[in-house]
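Bear in mind these aren't lab numbers, they're just calculated from the coordinates by the rules spelled out. What you see is a predicted model; the values in this text were computed from it and never measured. Because the Cβ atoms are built from the backbone with ideal geometry, glycine has one as well, and the counts that use them run over all protein chains shown.
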Amino acid sequence: MIRETMKKFVCVRIPKANDLDLKLFEFDCDLTFAVFFLNADKTIYGRYGTRTDFIYAARDMSLVGLKKSMKAVLKLHRNFAENKPMLELKKPTQVSFKKPNDYPWLKSRHIRANQCLHCHQIQNAEQRYYRGRHQTIPDDVLFRWVPPETIGIAFDPKEIATIQSVERHTPADEAGLRAGDEILTVERQPVISMADVQWGLENMGENVSMRATMRRGDEVHHLKIPLRKGWRAKIDISWRTTTHLLRRFAWGGGRIWPLTDNEKEKLELGNHKLALKFTRNIFKRSPAYRVGFRRGDVIISYDGQTQSMTETQLLRYAVQKRKRGDVVSIKVLRKGVEIAIRYKME
């Protein structure tokens, strides 16, 4: 049972993130559950906890997988002196601020010592840090903690890092990875869970290759996974809590969904045309409502862009092509009537 394995660890729960050491604890702020395995000297053995969408957590984590990861950590601990040089690579190399409360936006909110900081507010504070300086938000901030699916890998949640499937014509496929392969290291760092693979991806740039070691049967292979320009932007961030703030930046708030081909045909819109619909009520005190957006409106043009896009793609355009204070022209269809709306970006 997992309880017997847990007895070999000193378990500590961190209930508040206000003064969290971000030079040590760097994690996906949209998680509901995240584990750090640490040595007493704060060396990180590895991480556990992954989320690739809003609903299906069982697809990413399991108690069986967690137990196996814990056993892998104990194995690393037994040979700590030998493994420490590799483990040192698992610490953040660069952070904007040392702790969440150092972010200007969180400071301005005057969060009291007894008030719990929501984890997603850390990522929102990072987004606001760029917008506050009238800068665009780069891909490595916009697309944080990219899941292995981005490079074509689906892992078995009941194993440490065993590949369940590989999508064709993806970086993983190009590197030669196959179902059943077990990832042992990424960028010379030992892997104890899928979250460790995410950590490796989180720290990769563009037009580079991520080095990995994998076991296939009785053989160990070294390979390189190509990460070309724009590879991060292939993921969907619409499910993330931290994306709510990006919507407020871009059009004042409110979730928008792409129309199906049949819905586009009824509105006499081409399949390759922009068509994103507000499917939920828009909060009356939100900027979106104040400038004129209503439930059921279909965005057909944004700042002159009329080509088909997902919500994530439109958000990327908005926060990378336009800055705080810019005014964008947006056209919507409302009951067959085209309406023009101008929105000053927050």
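Per residue, the average separation of C-alpha pairs within less than 8 Å and at least 6 apart gives the chain a relative contact order of 14 percent. Mind checking which of CYS11, CYS29, CYS119 has the largest fluctuation in a GNM of the chain, springs on alpha carbons under 10 Å? Highest fluctuation of the listed residues: CYS11. Footprinting exposure proxy ranking of HIS118, HIS169, fewest other C-beta atoms within 10 angstrom first, gives HIS169, HIS118. Neighbours of LEU89 by Cβ distance under 12 Å: Lys/Arg scored +1, Asp/Glu scored -1, total +2. Using the structure shown, select from LYS23/LYS71; LYS84/LYS158; LYS42/LYS84 the pairs with a Cα to Cα distance greater than 23 angstrom. Violating the 23 Å limit, Cα to Cα: LYS23/LYS71; LYS84/LYS158. Comparing GLN94, ILE55, THR32 along the charge dipole axis of the range 2-142, the residue lying farthest to the positive side is THR32, per the Cβ-charge model.
Hull volume per residue, based on the alpha-carbon atoms of the chain and their convex hull, is 158 Å³. Look at the alpha carbon pairs under 8 Å that are at least 6 residues apart: their mean separation over the length of the range 1-85 gives a relative contact order of 25 percent.
Over the range 242-344, one equal point on each Cα, no solvent: what is log10 I(q)/I(0) by the Debye formula at q = 0.11 Å⁻¹? Relative scattering, expressed as log10 I(q)/I(0), comes to -0.28. Listed by chain and number, the lysines whose C-alpha is less than 18 Å from the C-alpha of LYS323, apart from same-chain residues fewer than 8 away, are LYS344. A convex hull fitted around the alpha carbon atoms of the range 148-233 yields 83 Å³ per residue. Whole-Hz Karplus values for the range 188-195 come out as 6, 9, x, 9, 10, 5, 4, 4 Hz, taken residue by residue from phi with 6.51 cos²θ - 1.76 cosθ + 1.60 and θ = phi - 60°; glycine and proline positions read x. Compared with the dominant principal axis of the Cα atoms in the chain, helix 311-321 is inclined by about 80°. Where only DSSP H runs of four or more residues are counted, the chain gives -7500 deg cm²/dmol as its mean residue ellipticity at 222 nm, each run worth -39500 (n - 2.57).
What separates the Cα centres of the range 1-66 and the range 271-336 is a distance of 37 Å.
Taking a ≥ b ≥ c as the square roots of the eigenvalues of the alpha carbon gyration tensor, the range 302-346 is oblate, as a/c is not under 1.5 and a/b does not beat b/c. Rounded to 0.05, the FRET efficiency of the PHE9 and SER286 pair, given R0 = 56 Å and the Cβ-Cβ distance, is 0.80.
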